[in-house]
1. Working only within the stretch 243-254, note down all residues that are out of contact with any Cys (no Cβ under 6 Å at 6 or more places or on another chain) and modelled with pLDDT of 95 or more.
2. Can you spot a residue in the stretch 240-251 that is outside the structural domain of I168 (by TED's automatic domain parsing), open to solvent by less than 50 Å² (accessible area, probe 1.4 Å) and of a type in the set (S, T, N, Q)?
3. Restricting to the stretch 76-124, and then to whatever is more than 11 Å from the ligand (Cβ to nearest atom), open to solvent by less than 70 Å² (accessible area, probe 1.4 Å) and aliphatic (A, V, I, L, M), can you tell me which residue is nearest to L6 (Cα to Cα)?
4. Please work out if I46 is farther than 28 Å from A187 by Cβ and within 15 Å of the chain's Cα centre (by Cα).
5. Go through the residues of the stretch 66-80 one by one and say whether even a single one is touching a Phe, Trp or Tyr at 6+ places or on another chain (Cβ under 8 Å) and not in a strand (DSSP E or B).
6. Open to solvent by 50 Å² or more (accessible area, probe 1.4 Å) and hydrophobic (A, V, I, L, M, F, W, C): which single residue out of F154, F196 fits that description?
7. For residues in the stretch 39-62 being within 16 Å of the ligand (Cβ to nearest atom) and part of a helix (DSSP H, G or I), which is most open to solvent (accessible area, probe 1.4 Å)?
8. Go through the stretch 1-38 and report how many residues are more than 13 Å from the ligand (Cβ to nearest atom), farther than 23 Å from Q243 by Cβ and not basic (K, R).
Amino acid sequence: MKAVILVGGEGTRLRPLTCNTPKAMVPILNQPFLEHLLRYLKEHGISDAILAMGYLPDPIQSRLGDGSHFGVQISYLVEESPLGTAGAVKNAESFLDEPFIVFNGDVLTEIDLTDMIKRHREINPEVTMALTPVDNPTIYGVVETTATGMVKRFVEKPTWDKVTTNMINAGIYILEPGVLEYIPTSAPCMFEDHVFPKMLKMGKPILSYPSDAYWIDIGTPEKYLKAHHDLLLRWSDRAVRTQGESQIHTTALIEGPVLIGEGCLIAENVQIKGPTVLGPRCQIAASVVMEGVVLWEGTQVEEKTVLRNCVIGSCTHIGSSCQILDDCVLGDDVTVGEESKLASGTRLWPNNYVDPGMLQST
Ligand code: GTP
């Protein structure tokens, strides 16, 4: 079975991390997200993927090439303007003459695709849609199903008194090629808002595939950080793992789970507490304290700075004695002056220079 992976969105909610990097290529445990997805697809027997791209296609294509490294043959399509999730699949029509999978390119999951494909083949609907449970259905579109598991109704952001289910669309579908006929060529079109509701009105069968396997979409900084915490906290040994050579001073205290990319320099009396990831070639100066953070490659942190539950983009320079705390997100190449204190949730865009003392104090 072929997969169409939707990676054309701008990822606005994940900015500033997506200012220079498409969402599908943000690192997860120091590897581009799409590489995790390709490995997962391969494990489930998918060895043919079509990447529907739009925003920043070059970093995707240059990194993944023909896909042979992952045992997946990759074809690329680039949209001149966004076609929407369904329009992007319609654009791939010439590749699709058998049932195929559509995957949102920001979903990190362990849903059993092999079983989902089996179920699709047994029941033979026009669409099989994976569903995943959420704690708060009022901020999502939920999917109501019948006793036999057929999709009955889509309800957008129900108020609590109207909540009948906590199952939402997981962004993974198996489609029969005939579904392409319901997608117009002339205008951008979304599966969620147009194609699936239209199919229900027409009485076309959409099978649900509910699963409580791990699922998260990495589309906001909070969820991006949570995905890291979830993955690292699963390490039963709570280890400190290094990828290649790094220089770690003997007085540094590192409490796992922590992943350290190659070529990092960690100076004396640094304290790092997991779940934390250091990208390759990060330089952490003396007496820095870090907990629950994700640093992208080439970031430098000067002495006595405290970082907690935040994400820092590539090649950013953080001065000494700063405090960068909960849910702060800094883009690439940001410079933070010494003694800066960033309020929770601060976002700094690439190339923003932050003067010492100009920042809001916590
Ligand atoms: P936000 O701007 O933060 O909403 O992110 P997004 O642009 O990625 O949109 P959203 O999270 O709703 O998209 C879900 C998935 O569909 C992501 O993997 C997107 O890359 C993809 N996607 C959304 N719109 C398009 C499109 O017009 N074309 C293609 N090829 N993919 C799209």
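1. Selection gives Q243, E245, Q247, I248, H249, T250, T251, A252, L253, I254.
2. Yes; the residues of the stretch 240-251 include at least one that is outside the structural domain of I168 (by TED's automatic domain parsing), open to solvent by less than 50 Å² (accessible area, probe 1.4 Å) and of a type in the set (S, T, N, Q).
3. Checking each candidate, the answer is I101.
4. No, not satisfied.
5. No.
6. Selected residue: F154, the only one of F154, F196 that is open to solvent by 50 Å² or more (accessible area, probe 1.4 Å) and hydrophobic (A, V, I, L, M, F, W, C).
7. D58
8. 1
The values are calculated or read from the model by the stated rules, or taken from the named source; none is laboratory data. What you see is a predicted model; the values in this text were computed from it and never measured. Glycine also receives a Cβ, built like all others from the backbone with ideal geometry; neighbour counts cover every protein chain displayed. Note: accessible area is taken over every heavy atom of the protein model, side chains too, but ligands, DNA and RNA are not part of it. Shrake-Rupley method; radii C 1.70, N 1.55, O 1.52, S 1.80 Å.
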